[in-house]
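The structure appears right after this line, and notes come after that.
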Amino acid sequence: REIPVVAPAKAGLSETKLAEIGPFMERQVADQKLAGGIVMVSHGGKIGFFHTYGLMDREVQKPMAPDTIFRIYSMSKAITTAAALNLYDAGKIGLDDPVSKYIPSFANLMVATTNDLRPPSRPVTIHDLMLHISGLTYGGGPDALKKACSRLKPMESTNLAEMAEKLSQVPLAFDPETDWTYGVGIDVLGRVIEVVSGKSLDEFLAKTIFQPLDMKDTAFSVPPEKLGRFAANYSRTNGLKVIDAPAESKFAKRVTFFSGGGGLVSTARDYMRFLAMIERGGTLDGHRILRSKTVKLMSSNLLPQKAFPIYFGSEKRFGTGFGLGFAVCTEVTSWDPVAHVGEYGWDGAASTHYWISPADKLIVVTLEQIMPYEWDTERGVKKIIYDAIQK
């Protein structure tokens, strides 16, 4: 059953206010800040705004379409985490289980210090992976870690089993729980899912998440018959420059390395269905994916105080904590002055973004394909959308 798409007023939204999104997005396209994009807003369980802007592929002048397929990169993380939590709900994994219970070589992990390696203060757990407090990074950290990553290249593995074995030889950047660093933890979680379920990650996600939620265009690659709907990916280099054309993309080929941390493609409709399941406490159209108290673990801040604030390089996101899968707004700060406390969400490397505000019964998905990550769309539409909610 489709989530109903209605006029803004029928979803409790101001049509006049939402009309401000169009000129903003069209200006972004005209200024070559993006080729095209999609903004989708659900309020009170109904989609009251779903508009496309610009082009999905400038080179062939193909307009953005409602069913355009996007590289969602790190928006994959919440889906993989939800799949692991489905196993947790079934009693098949524990959040405090050491990862080495499922990947034995993780018992050999070391921590990189300035000039030495030493054993970690405690084993890395499933909970640590989900919260990004495991010490696993994307290759940044002490020299010993950087050297091991550049030598082993774990993310260039042929499958998740090989990646996990390589990562067990890469030292951690810090003791578990003592800091927050974005990293490959959710890819390791994907391997845990494979070990516990006996299925490859793509199979398990299809059976547990995509099929029950009717997410028909979400996968680790774009099949030939859907390539015409796949957007091009751009960088802002003297205007817009294609960095990944649909036909030549690695996403157009079948893969054996299923990156639960960043490997999925999806559509606005599909991702909205996933978020609607989360917002409704783990269920959609009679399909229960997660228990409601498990969804609470995803959408509540669980970061230990010493791991605050989350950061990327020198960018500190004050007022932002983390749950099992989502960043969570703990207080409104200058980092995100129009956020609402309790709002949770995340984004993807090609400038895709989403958030849910439970107090407002609001879900927003914005999709485009620009790398590296740009905040323009989220920051441009967020206040407009909040101001459009009719009290």
Of all residues in the range 271-302, how many are free of Cβ contacts under 8 Å to residues at least 60 places away in the same chain, in a helix (DSSP H, G or I) and under 19 Å from the mean Cα position of the chain (by Cα)?
3
In this structure, does ALA307 turn out to be within 15 Å of the chain's Cα centre (by Cα), open to solvent by less than 50 Å² (accessible area, probe 1.4 Å), under 29 Å from MET155 (Cβ atoms) and aliphatic (A, V, I, L, M)?
no
For a quick check of your reading of the model, give me the residue pairs whose first member lies in the range 21-44 and is over 28 Å from MET277 (Cα atoms), whose second is part of a helix (DSSP H, G or I) and small (Gly, Ala, Ser), with beta-carbon atoms closer than 6 Å and at least 6 apart or on different chains.
PHE24/GLY380
In the range 347-360, the residues that are touching a helix residue (DSSP H, G or I) at 6+ places or on another chain (Cβ under 8 Å) and either part of a helix (DSSP H, G or I) or surrounded by fewer than 18 Cβ atoms within 10 Å (Cβ to Cβ) (or both):
ALA349, PRO358, ASP360
What number of residues within the range 149-196 are open to solvent by less than 10 Å² (accessible area, probe 1.4 Å), small (Gly, Ala, Ser) and not in a loop (DSSP other than H, G, I, E, B)?
3
Test: MET215 is of a type in the set (A, V, I, L, M, F, W, C), out of contact with any strand residue (DSSP E or B) (no Cβ under 8 Å at 6 or more places or on another chain) and within 26 Å of ALA82 (Cβ to Cβ):
no
Mind listing just one residue for me: the one in the range 369-391 that is closer than 13 Å to GLU20 by Cα and not hydrophobic (A, V, I, L, M, F, W, C) and, of those, most open to solvent (accessible area, probe 1.4 Å)?
LYS383
Quick one: is LYS199 in a helix (DSSP H, G or I) and more than 19 Å from SER105 (Cβ to Cβ)?
no
Residue count, the range 312-327 (criterion: assigned to a strand (DSSP E or B) and among the hydrophobic types (A, V, I, L, M, F, W, C)):
3
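To keep it simple, each residue is scored yes or no on (1) at pLDDT below 95; (2) within 30 Å of LEU55 (Cα to Cα).
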position	(1), (2)
GLY313	yes, no
PHE322	no, no
CYS329	no, no
ALA350	no, yes
VAL365	no, yes
LYS383	no, yes
TYR386	no, yes
Taking the range 28-57 only, how many residues are farther than 26 Å from PRO246 by Cβ and either in contact with a His (Cβ under 6 Å, 6 or more places away or on another chain) or not β-branched (Val, Ile, Thr) (or both)?
7
Within the range 1-47, restricting attention to residues that are of a type in the set (Asp, Glu) and part of a loop (DSSP other than H, G, I, E, B), which residue is surrounded by the fewest Cβ atoms within 10 Å (Cβ to Cβ)?
GLU2
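The values are calculated or read from the model by the stated rules, or taken from the named source; none is laboratory data. Just so we're clear, the structure is a prediction, and the values are computed from it rather than from any experiment. As a convention, Cβ positions derive from the backbone with ideal geometry for all residues, glycine included, and neighbour counts pool all protein chains shown. Accessible surface is based on the protein model in full, side chains and every heavy atom, while ligands, DNA and RNA are left aside. Shrake-Rupley method; radii C 1.70, N 1.55, O 1.52, S 1.80 Å.
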